[in-house]
Amino acid sequence: MSFPTSPAIVCSDLSFAWTDGTPVFTGLDVAIGAGRTGLVGVNGAGKSTLLKLIAGALTPTGGSISAVGDIGYLPQHLPLDADRGVDDVLGIAETRRALLAIERGDVDERNFEAVGDDWDVEERARAELDRLGLSHVDLDRTVGTLSGGESILLGLAALLLRRPDVLLLDEPTNNLDRCARTRLYDAVRTYPGVLVVVSHDRELLDLVERIVELLPGHARTYGGNLTAYLEVLAQERETAERLVRNAQTDVRKQKAELADAQVRLARRARTGRKAELEKRVPKIVAGGRKRAAQVSAGRYKGMHEDRLDGARTRLTEAKDAVRDDKEIRIELPETAVPAGRTVLTLEGVNTEAELYGPDGVDLIVRGPERIALVGDNGSGKSTLLRLLTGERAPDRGTVHLGVEGVRHLPQRLDILDEDASVLANLRRAAPSATDGELRARLARFLFKGNRPEQPVGTLSGGERFRAVLAALMSAEPAPHLLVLDEPTNNLDLASVRQLEQALTAYRGALVVASHDLPFLASIGITRRLCVTRGEGVEEIENEEV
């Protein structure tokens, strides 16, 4: 398969709106070249929608889309019938049936037509499954017997087996454990065709060759991977902020010069009036001088006003050039836990099925420790989080909490009242706070003006996440133990950065289950525990993960 020299995907004057009239794109122009491309943008920018439009799953309301060759599309939520066979998902069920019939001696011509040149289809299918870590998955199994992560990998295996010219992936690493992610990274790295991926996974985006960022009304393309893109943004922001400072200095200078000019003109006017009153010059001469002075003064004043207007215009343009990368800036001293205090103790904690082996889990958390739970999908990380927060009682062993404020952020952000406003939800979490205090807290989480009155059900993904964070961090009593379950799943890069900012301000103990290694590194994890199904929990060195 050879790369095309012209753009592989071209969207011209593309427009799309939902059935209620809400626009997503209006006149969008974007061209995506050969190789690997990462598609980024804030939640609600239209990344997933654009992939669906390119794949043909949605129809544009205006403009056009052209793409080279066959298109394969792996959506974020893969709709698979639980009773559907693995071989059917892979697209080889009919060929397998024909092969089996031929092996039994059935020489019907239709069997040979169904097989065509795919005599090795089972071997190729097995090879793709093995490559993605699904060697244990039999072709005759049904989708309902697979985990969520295995279903995603199965969908990817089906596309790789089909070998499309263009491969579209929407958040493919969501719900994948570390091992599965590594295999997916390898598949992406070696894919020979055109690949476009929407993801918040920084390791995955560091494998691409360019970044296309969706912005309001347009798209920008950056050469290089995510790291290079972030470096360019930092440089652009630094340059833009320097231009703002220079423009502010110029505005102050022009204001001062205009004020000085006005003082000079006022002095000239007073001198002219004084000379006229003292009749040191003839009246006709004084009148001529006065008119000339007024003309000169007008020009002089106008020159300085024009300079000030120009300086203000340059300042406005400089401010517009600074990206609006909103940041959460909060202080949470009330969440602090003394270093020697025992926050949490687990002794022999287990489920009836001995999920954590015959001995169960023993764990002590002291002070502001930051602990990461890692392990394969299905190893019991989420269950362990529910056990230590008291949401689920252990069938064996004991859980003792040494602090009062314990808060849990589940994978699904469904802990707020959808019909109530952001402010009402925060009031429920912190009932003793005044309305002014609540609004001040929400402002630090970027809910300003009338935004606190907005119902939670109408929020975008990033806004909902910030509302949940505000409720957790501001809750009464102050959270001294914070438990997070795969918190970066489905978050855009800006929201991940905002979560990191909030956790930097947090002073209490933290237990987080995550496969996102860059995220874990950014929040200062001090201990790592590997959860293995049927074997329990083992502390591991950082470099082993």
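The values are calculated or read from the model by the stated rules, or taken from the named source; none is laboratory data. Fair warning: this is a prediction, and the values are worked out from it, not measured in the lab. When we count neighbours, we look across all protein chains shown, and the Cβ atoms used for this are built from the backbone with ideal geometry, even at glycine.
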For the stretch 115-138, give me each residue that is in a loop (DSSP other than H, G, I, E, B) and either under 17 Å from R96 (Cα atoms) or not assigned by TED's automatic domain parsing to the domain that holds L99 (or both). G116, D117, D118, W119, D120, V137, D138
Wholly enclosed strands (runs of 3 or more DSSP E) of the stretch 433-545 bearing at least 1 residues basic (K, R) and either surrounded by 15 or more Cβ atoms within 10 Å (Cβ to Cβ) or not assigned by TED's automatic domain parsing to the domain that holds A420 (or both): 527-532
All but one of (1) assigned to a strand (DSSP E or B); (2) closer than 17 Å to L481 by Cα hold for T398; state the number of the condition that does not hold. (2)
Residues (in a helix (DSSP H, G or I) and β-branched (V, I, T)) located in the stretch 411-432: V422
What tally of residues in the stretch 362-377 results from selecting those that are closer than 16 Å to R533 by Cα and either surrounded by 16 or more Cβ atoms within 10 Å (Cβ to Cβ) or of a type in the set (S, T, Y) (or both)? 5
Out of the residues in the stretch 31-58 meeting the condition of being of a type in the set (V, I, T) and at pLDDT 95 or above, tell me which one is farthest from the chain's Cα centre (by Cα). I54
Of the residues in the stretch 22-61, those that are surrounded by fewer than 18 Cβ atoms within 10 Å (Cβ to Cβ) and at positive phi come to G27, G35, G44, G56
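Yes/no per residue for (1) out of contact with any Asp or Glu (no Cβ under 8 Å at 6 or more places or on another chain); (2) closer than 28 Å to S495 by Cβ; (3) of a type in the set (S, T, N, Q):
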position	(1), (2), (3)
G148	yes, yes, no
Y185	no, yes, no
T190	yes, no, yes
V196	yes, yes, no
R202	no, yes, no
P216	yes, yes, no
Exception for N377 within (1) under 21 Å from A513 (Cβ atoms); (2) in contact with a Gly (Cβ under 6 Å, 6 or more places away or on another chain); (3) at pLDDT 90 or above falls at (3)
So, G360, is that one modelled with pLDDT under 90 and on the phi > 0 side of the Ramachandran plot or not? no
Of all helices (runs of 4 or more DSSP H) fully inside the stretch 139-242, the set with 2 or more residues that are at pLDDT below 85, small (G, A, S) and assigned by TED's automatic domain parsing to the domain that holds V42 is 148-162
Can you confirm whether E418 is out of contact with any Ser or Thr (no Cβ under 7 Å at 6 or more places or on another chain), surrounded by fewer than 16 Cβ atoms within 10 Å (Cβ to Cβ) and in contact (Cβ under 8 Å) with a residue 60 or more places away in the chain? no
Considering each residue of the stretch 110-137, count those that are among the charged types (D, E, K, R), more than 12 Å from L90 (Cα to Cα) and over 33 Å from the mean Cα position of the chain (by Cα), and give that number. 6
Quick one: how many residues across the stretch 102-139 are crowded, with 17+ Cβ neighbours inside 10 Å and on the phi > 0 side of the Ramachandran plot? 1
Please identify the pairs in which a residue from the stretch 223-250 that is in contact (Cβ under 8 Å) with a residue 24 or more places away in the chain and surrounded by 14 or more Cβ atoms within 10 Å (Cβ to Cβ) has its Cβ atom under 6 Å from the Cβ atom of a residue that is of a type in the set (S, T, Y) and not in a helix (DSSP H, G or I), counting only partners at least 6 apart or on another chain. Y229/Y222
Within the stretch 368-410, track down each residue that is in contact with a helix residue (DSSP H, G or I) (Cβ under 6 Å, 6 or more places away or on another chain), closer than 22 Å to L469 by Cα and not aliphatic (A, V, I, L, M). R407, H408
V496: within 30 Å of D170 (Cβ to Cβ), in contact with a strand residue (DSSP E or B) (Cβ under 8 Å, 6 or more places away or on another chain) and not acidic (D, E), yes or no? no
Qualifying positions in the stretch 142-191 - surrounded by fewer than 22 Cβ atoms within 10 Å (Cβ to Cβ) and among the polar types (S, T, N, Q): T142, T145, S147, S151, N174, N175, T182, T190
